[in-house]
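Novice: Quick one: the structure is below, and I'll ask about it shortly.
The values are calculated or read from the model by the stated rules, or taken from the named source; none is laboratory data. Bear in mind that the values here come from a model prediction, so they are computed numbers and not experimental data. Positions of Cβ are generated from backbone atoms using ideal geometry, with glycine treated the same way; all protein chains shown enter the neighbour counts. What goes into the accessible areas is simple: the full protein's heavy atoms, side chains included, and nothing from ligands, DNA or RNA. Shrake-Rupley method; radii C 1.70, N 1.55, O 1.52, S 1.80 Å.
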Amino acid sequence: MLNARNHHTGNEALNQLCQTYWFPLYADARRRGNNPGEAADLTQDFFCGLLENRFLDGIDPAKGRFRSFLLFAMKRHLANAWEKQTAQKRGGDQTLLSLDLNESEDRYQLEPAEMVTPETLFERHWALLLLERVVEHLQDEFAEAGRLEMFALLKPFLTGDAERAGYGPIAEQLGTSETAVRMNVSRMRKRYRELLRKEVANTVGSEEEIDDELQQLRNILREQ
């Protein structure tokens, strides 16, 4: 968790942390019986606690996955909130970042109705949002290189959804050969794997844990 802790210092890093984990933790609070307003307040207060290092102090940075720490800390926060009654209210004098709470609730209402544990729900959201962040980083790199159109056309190949259609239609749209498209897809997939590994590395405590976490990610996605 050392990388994660260092990674989350500074306003920019904290903003990334909130954008990545806001909805999984909000959904966790909702799944545990809080109404939308309560869940939003509890989640906002939780991140304020991170901002003030209330939840980072005393944590051993040498071991543990950051997502597991977040879930544990959030559960403890929810358990203590009703006793302390100090949940941060939206619109107060401390604004962490701009978040669309209505969008969060709309998204939560789309969740499947089957009975799953809050922990399972959190794991699903973590996995999907992690992949979204990796795709966003990859898109940014293509945009910086002036190849945004190519990214849009090749993106479906990341999941293999476009394999049946073949490379011919894409080659025609790009005005290049199928061989060139195939090579670009191969490079894009390689870069995607590199970015995914880098993203995961920011959430674990050691190099040895990266492969295990990637396997956990695959297992979670396989159960979707």
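Novice: Filter the stretch 158-177 for residues that are farther than 22 Å from L138 by Cα and assigned to a helix (DSSP H, G or I); which is least open to solvent (accessible area, probe 1.4 Å)?
Specialist: The qualifying residue least open to solvent (accessible area, probe 1.4 Å) is G168.
Novice: Another question, if that's okay. Suppose we keep only residues that are of a type in the set (S, T, N, Q) and either assigned to a helix (DSSP H, G or I) or farther than 22 Å from V135 by Cα (or both) within the stretch 178-210. Which one would you say is nearest to the chain's Cα centre (by Cα)?
Specialist: S206
Novice: Which of the residues belonging to the stretch 187-209 are within 20 Å of L138 (Cα to Cα) and open to solvent by less than 70 Å² (accessible area, probe 1.4 Å)?
Specialist: Those that are within 20 Å of L138 (Cα to Cα) and open to solvent by less than 70 Å² (accessible area, probe 1.4 Å): M188, R189, Y192, L195, L196, E199, V200, A201, N202, T203.
Residues are listed down the side, and each one gets a yes or a no for (1) closer than 17 Å to L196 by Cβ; (2) at pLDDT 90 or above; (3) exposed (fewer than 14 other Cβ atoms within 10 Å of the Cβ); (4) under 13 Å from the mean Cα position of the chain (by Cα):
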residue: N102; (1), (2), (3), (4): no, no, yes, no
residue: D106; (1), (2), (3), (4): no, no, yes, no
residue: L110; (1), (2), (3), (4): no, no, yes, no
residue: F122; (1), (2), (3), (4): no, no, no, yes
residue: L128; (1), (2), (3), (4): yes, no, no, yes
residue: L131; (1), (2), (3), (4): yes, yes, no, yes
residue: L138; (1), (2), (3), (4): yes, yes, no, no
residue: F142; (1), (2), (3), (4): yes, yes, no, no
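Novice: Among the listed residues R182, R218, which satisfies the condition of being free of Cβ contacts under 8 Å to residues at least 12 places away in the same chain and open to solvent by 90 Å² or more (accessible area, probe 1.4 Å)?
Specialist: R218
Novice: Does R67 qualify as being open to solvent by 30 Å² or more (accessible area, probe 1.4 Å) and either part of a helix (DSSP H, G or I) or at pLDDT below 70 (or both)?
Specialist: no
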